[in-house]
1. At ASN157 and GLU228, where each label point lies 7 Å from the Cα along Cα→Cβ, what is the point-to-point distance in nanometres?
2. From the phi angles alone, apply the Karplus equation (6.51, -1.76, 1.60; θ = phi - 60°) to the range 66-79 and give each ³J(HN,Hα) in whole Hz, x where the residue is Gly or Pro.
3. Can you compute 3J(HN,Hα) from phi for each residue in the range 193-199, using the Karplus curve 6.51 cos²θ - 1.76 cosθ + 1.60 with θ = phi - 60°, rounded to whole Hz and x for Gly and Pro?
4. I'd like the FRET efficiency for TYR144 and GLN109, computed as 1/(1 + (r/R0)^6) with the beta carbon distance as r and R0 of 41 Å, rounded to 0.05.
5. What's the FRET efficiency of ASN55 with GLN196 using the Cβ-Cβ distance as r and R₀ = 45 Å, to the nearest 0.05?
6. What list of ³J(HN,Hα) couplings, whole Hz, do you get for the range 14-23 from phi and the Karplus terms 6.51, -1.76, 1.60, once you set θ to phi - 60° and write x for glycine and proline?
7. Could you give the length gained on full extension between ASN70 and LEU13, defined as 0.36 nm per residue of separation minus the Cα-Cα distance, in nm?
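Where a number appears in this text, it was derived from the coordinates with a stated rule and is not lab data. Owing to the predicted nature of the structure, the values given are computational and were not obtained by experimental measurement. Cβ coordinates were reconstructed from backbone atoms using ideal geometry, including for glycine residues, and neighbour counts include every protein chain displayed.
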Amino acid sequence: ERTDQLNRRNAELGRAYQEKDAAFEELKTTQMQMVQQERMATLGQLLAGIAHEINNPVNYMVNAIRPLQNNVERIDALLREHEEMLDFGDVEDSFSPRPSFQRVMDDIQQSVDLIRAGADRTARIVQNLRTFSRSAEGEVRDVYLGEGLDVTLSLLNHLIRGRIEVIKDYDYPGPVQGVQGELNQVFMNLLSNAAQSISGQGTIHLSLKPAREGVLVRVQDSGCGIPEANLHRVFEPFFTTKDVPVGTGLGLSISQNIVAKHSGHIQCASEVGRGTVFEVWLPATQGQRSGDAA
């Protein structure tokens, strides 16, 4: 009888230790989520402030381009009209026997085009920063996933430009219900991981497809891949194969929690040397949003 009591007591102690470990892991995960949410809120405020400060000088440039373009065109027309009246005498240079006003006007026009392209690109970046900064709002509304992917890609252009071909296959024009900033954070984590997994030239395939009364977002890269032994751990908090400070091991864990919060699910498949694919399924509409995985 005493042996049975000891066995029961040991079993109770074992269960208590298991419950303690589970509570500790839950507390650690909750703490990690709170820290990350605070970071994202701060980041959202920072991005919104940067976008606001950049917006004014960008507007000056954008608004000045059209009058400048009109003036260049008027000068060009006047020079063409009176070109036969211009006498250059014996003026020569090392490139041409006579100065070419057309060459000068072409140079000016090229400069104007470059300024306009730079101003337009900066304006798009400002708009994308504003869109991405909405992560601090936490408002549930219509989210167009293709726009979110494109905004995130533009902000990751420094990792992609000149070496990675992005192939898009968007076949889901409608919205889903969710928090845009949170879903953009998922896209940021998946796309930055994909870009960083490709050491040289490579490709990233993005697709949006209808699936089971929802939409399937697929991000596939041609990177180094994940060893099979690590594949089941990719969503664990703090697990990473990247060097610090490149990776903290929080991105995919947070992404999984965000997707579950949106009543969806995320999964991963990979092969070393051939690449990795992440699939995110989200419902077309939100019945209720909870912290539990669907």
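1. The answer from the label model is 4.2 nm.
2. Result, ordered by residue: 4, x, 4, 4, 5, 5, 4, 5, 5, 4, 4, 5, 5, 5 Hz.
3. Once θ is set to phi - 60°, the couplings for the range 193-199 become 4, 4, 5, 6, 6, 9, 7 Hz.
4. On the way: r = 37 Å, r/R0 = 0.90.
So, using R0 = 41 Å, E works out to roughly 0.65.
5. Working from the Cβ atoms, E equals 0.90.
6. x, 5, 5, 5, 5, 5, 5, 4, 5, 5
7. Working: separation 57, 0.36 × 57 = 20.52 nm, distance 8.36 nm.
Residue separation times 0.36 nm, minus the Cα-Cα distance, leaves 12.2 nm.
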